[in-house]
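Chemist: Below: one structure in structure tokens.
The values are calculated or read from the model by the stated rules, or taken from the named source; none is laboratory data. What you see is a predicted model; the values in this text were computed from it and never measured. Don't worry about glycine lacking a Cβ; one is built from the backbone with ideal geometry, like all the others, and counts go over all protein chains shown.
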Amino acid sequence: MADLQESHSHTHGKPLLKRIDNAWLAVLGTLLAFLVLDTAALWPSVAFALEALGETAPFILFAVLVIAYLKASGAETVVARAFVGRESRMIVFAALLGGLAPFCSCEVIPFIAALLAAGTPLSAVMAFWLASPLMDPAMFTITAGQLGFDFALAKTLAAVGLGLMGGYITMLAAKSPVFADPLRAAAPASGSCCGSAKPFSGTPEWRFWQHAERRAIFGATFWENGHFLLKWLTLAYLLEAVMIRYVPADFIAGFLGGEGPLPILLGAVVGAPAYLNGYAAVPLVDALLQQGMANGAAMSFMLAGGVSCIPAAIAVWALVKPRVFAAYLGFALTGSFLAGLIWQAVA
């Protein structure tokens, strides 16, 4: 699961700047910086971003249609079925569904809180947590469109593999001091910023268009996610133009390029603080690759950044004790490094 949905807040009465989305403010700030500091670069950079958006538009449209269909049909209820049966089976299905479920982190928090309170093994939850921020149908489509099908498929396999690694290690070490009594004293309320107290309840309705309420969900989801992708990819393509124009390729090649494990390790370490979100990261990684970033470093950057980004990390921090959260980050860095090594060897 990747974080497509956004939390909503009441904006009536706020100053104009506070009502404008931060991503659009960043786009405006980037354009103003070009206008003031390097006017000659303004139009070429805008043209670069528009051309890139035009090339990506079919993938964006397909991604938004898929996410709206899955949301309107109630496909998210399928996720709950991963958490039944034997623990080892739960880990496998949790990792698989975590890497494919296109639902927002605010929905995951009450769902996971209920599972943990009901006694679901932490191992299965850990597998879901690790895989869920890294891939979903929308992100796969956009990643494949810009970085290639092979990279998108490899990232998907890495997401599932990362979930499996974390899940099985957690299962084997369940009685250790790290994972014993993992929950915080007070769990968050079961509500969700997405407006549903039980986002994973009910039965999927695949022919959603037969119900007016589900058609409305489809329209709202299509608009919200289309806007989400448009603003972040616009910003990302502008930042890509900045990077290509002003960051020397020799610097990127020297820092994150070359052979051996060091660039891959640096990609994982840099990925955590430098990451925007999974969608904005795609054009930036494309630019870094063009400037000499190692293939393995690109993979470790996207994986480590995805798992440690704020929406994903908050979903974990809100529910478990710091030592479990530290284990989560440790799994993320270790798994990202290993996946980068494998991708570097086969790419």
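Chemist: Identify all residues within segment 205-258 that are surrounded by fewer than 13 Cβ atoms within 10 Å (Cβ to Cβ), of a type in the set (D, E, K, R), at pLDDT 85 or above and in a helix (DSSP H, G or I); write none if there are none.
Modeler: Correct list: GLU213 only.
Chemist: Now for a different question. Report whether or not VAL324 is within 15 Å of the chain's Cα centre (by Cα), of a type in the set (Val, Ile, Thr) and part of a helix (DSSP H, G or I).
Modeler: no
Chemist: Within segment 335-347, which residues are of a type in the set (S, T, N, Q) and more than 18 Å from the chain's Cα centre (by Cα)?
Modeler: First pass over segment 335-347, keeping only residues of a type in the set (S, T, N, Q): 336, 344.
The answer is GLN344, and nothing else.
Chemist: Here is a further query. Do we find that TYR328 is modelled with pLDDT under 85 and crowded, with 20+ Cβ neighbours inside 10 Å in this structure?
Modeler: Details: modelled with pLDDT under 85: no; crowded, with 20+ Cβ neighbours inside 10 Å: yes.
No; evaluated as a whole, the condition is false for this residue.
Chemist: Taking only pairs six or more apart or across chains, which ones have beta-carbon atoms under 6 Å, a first residue in segment 279-297 that is at positive phi, and a second residue that is part of a helix (DSSP H, G or I)?
Modeler: GLY292/ALA249; GLY292/ILE252; GLY292/ALA253
Chemist: Within the bounds of segment 100-112, is there any residue that is over 28 Å from GLY219 (Cβ atoms) and either modelled with pLDDT of 75 or more or touching a Ser or Thr at 6+ places or on another chain (Cβ under 9 Å) (or both)? Please lay out each step first, then the result.
Modeler: Of all residues in segment 100-112, those over 28 Å from GLY219 (Cβ atoms) come to 112.
Of the ones still in play, those that are also either modelled with pLDDT of 75 or more or touching a Ser or Thr at 6+ places or on another chain (Cβ under 9 Å) (or both) are 112.
Checking segment 100-112: at least one residue is over 28 Å from GLY219 (Cβ atoms) and either modelled with pLDDT of 75 or more or touching a Ser or Thr at 6+ places or on another chain (Cβ under 9 Å) (or both).
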